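Some notes on the structure that comes next.
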Amino acid sequence: MPHDDSPVRNPLDSSMGRLKAIANLLNPVTCWDQLTPEQQRAFGIAGIVHAIGAIGFLNGTEPHQAFMAADVEGLEIMGGILTEALNDPGALPRPDMSVIGIRFCRICGCTERCACGDGCSWIEDDLCSACEGKQG
């Protein structure tokens, strides 16, 4: 997607404009609040391991296998905690990324950093050009 010069929004600022309501989205804040303090702590620690692994692996940091393992294992633990906490993990809805200030398409879910395969641009606050005319 082309660079967007819009100001970065603080995801914790409740006065920020909300995108149109989208059905079947998982609210990460609500999900987090439903985790026990022990689950939150384990998830946070695993998230740090996952992020360090992903960053190190993507940057080609040695030893590659150690960073790849941290990426995979941290993510596995995080996934296990969420699977345990969610009522029906088989029907997992996509997350509402607007709560962390990420703009995404209401139809396909693409973002500024993860555009559609053939490319796209924003034609509305919450609609990409590849999804124009599609129902969501």
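In the list Ala21, Ala66, Ala91, which residue meets the criterion of being at pLDDT 75 or above and on the phi < 0 side of the Ramachandran plot? Quick ask: steps written out before the conclusion?
Details: Ala21 fails: at pLDDT 75 or above; Ala91 fails: at pLDDT 75 or above.
Answer to the selection: Ala66.
Each residue in the range 75-117 was checked for being part of a helix (DSSP H, G or I) and closer than 22 Å to Arg41 by Cβ, and 14 pass. For first residues located in the range 111-136 and free of Cβ contacts under 8 Å to residues at least 40 places away in the same chain and surrounded by 13 or more Cβ atoms within 10 Å (Cβ to Cβ), partners that are of a type in the set (Ser, Thr, Tyr) and in a loop (DSSP other than H, G, I, E, B) and lie 6+ apart or on another chain with Cβ distances below 7 Å form the pairs Ser129/Ser121. The residues of the range 118-134 that are farther than 26 Å from Thr30 by Cβ and assigned to a loop (DSSP other than H, G, I, E, B), listed by number, are Asp118, Gly119, Cys120, Ser121, Glu132, Gly133, Lys134.
The values are calculated or read from the model by the stated rules, or taken from the named source; none is laboratory data. This one's a predicted model, so the numbers in the text were calculated from it and none came from an experiment. Please note: Cβ atoms are built from the backbone with ideal geometry, for glycine as well, and neighbour counts cover all protein chains shown.
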